[in-house]
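The values are calculated or read from the model by the stated rules, or taken from the named source; none is laboratory data. Everything quoted here is computed from the prediction, not taken from an experiment. So basically every Cβ, Gly included, is an ideal-geometry build from the backbone, and we count neighbours across all protein chains shown. Heads up: the accessible areas ignore ligands, DNA and RNA and are worked out on the full protein's heavy atoms, side chains in. Shrake-Rupley method; radii C 1.70, N 1.55, O 1.52, S 1.80 Å.
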Amino acid sequence: MKAKVVVCASGDGSNFQALVEAAQRGQLQADIVGLIANKPGIGALNRAQNLNVPAKILPAKNYTSFVEWDLAFLRQLRDWQAEWVVLAGFLALIGPQVLAAFPKRILNSHPSLLPKFGGQGMYGQRVHQAVIEAGELETGITFHWVEAEYDRGAVISQFRLAVNKGETPTQLAERVKCEENRLYPRVLEDLLRSTQ
Ligand code: GRF
């Protein structure tokens, strides 16, 4: 039986697409049953449409409270019979009800070597800008379990990349993203195998 996985995204969705395509190729034994977006008009939603993956938009501002949003999120996961939740550029905190319902089943990827360059506001280009400004010689990608705070939670695995001399944040971002797209399906596949 393939594991039912829901991906959550707030942006371009390249990792979402990489996961779907790896599953289609049979490199990832998962059924990507849905995409949750927290805002309309994002690239990930276009990709979901092109890839024929059901999508749901759940903006927190449409709910009377964070608790209500958390519950709606949980209902959607239950509707799709999700077993795993994969955050791929999802810029919202996961609520306590969802966290409690999916212990060690929600993971995230962050484009730096956490705990360096993580936390609230550290996303997208800002991460790579900060890495370069700090004169770091290496950066990387961290896959970690999700907790109630941004970029916290035990590390699952980390991958290192050298920062090239004179590299711009845009160039570094592109290289890191490329690696992340390649690695995310592998990391998830390893987890699925080890928890079978
Ligand atoms: C990735 O770099 C991920 O690590 C971070 O946000 C980015 C999302 O990229 N959390 P995409 O939307 O999957 O292209």
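A few notes on this one:
- For the chain, the longest principal axis of the alpha carbon atoms and the long axis of helix 66-79 meet at an angle near 70°.
- Set of lysines near LYS39 by C-alpha distance (under 16 Å), chain-local residues within fewer than 8 positions excluded: LYS56, LYS61
- Relative to one another, the C-alpha centroids of region 1-71 and region 127-173 are positioned 23 Å apart.
- With protein chains left intact and a 1.4 Å probe, residues in the chain average 51 Å² of accessible area per residue.
- Label point of THR170 set 7 angstrom out along Cα-Cβ; within region 96-140, amide nitrogens under 20 Å from it belong to 123-134.
- Rg over Rh for region 1-134 works out to 0.97, using Cα positions for both radii and the Kirkwood form for Rh.
- Straight-distance crosslink candidates among lysines, where the alpha carbon sits under 21 Å from LYS165 and sequence neighbours closer than 8 are dropped: LYS116, LYS177
- In units of the rule-of-thumb radius 2.2 N^0.38 Å, region 39-79 shows an alpha carbon radius of gyration of 1.29.
- Under the Karplus curve 6.51 cos²θ - 1.76 cosθ + 1.60, θ = phi - 60°, whole-Hz ³J(HN,Hα) for region 12-18, x wherever Gly or Pro sits: 5, x, 5, 5, 4, 4, 4
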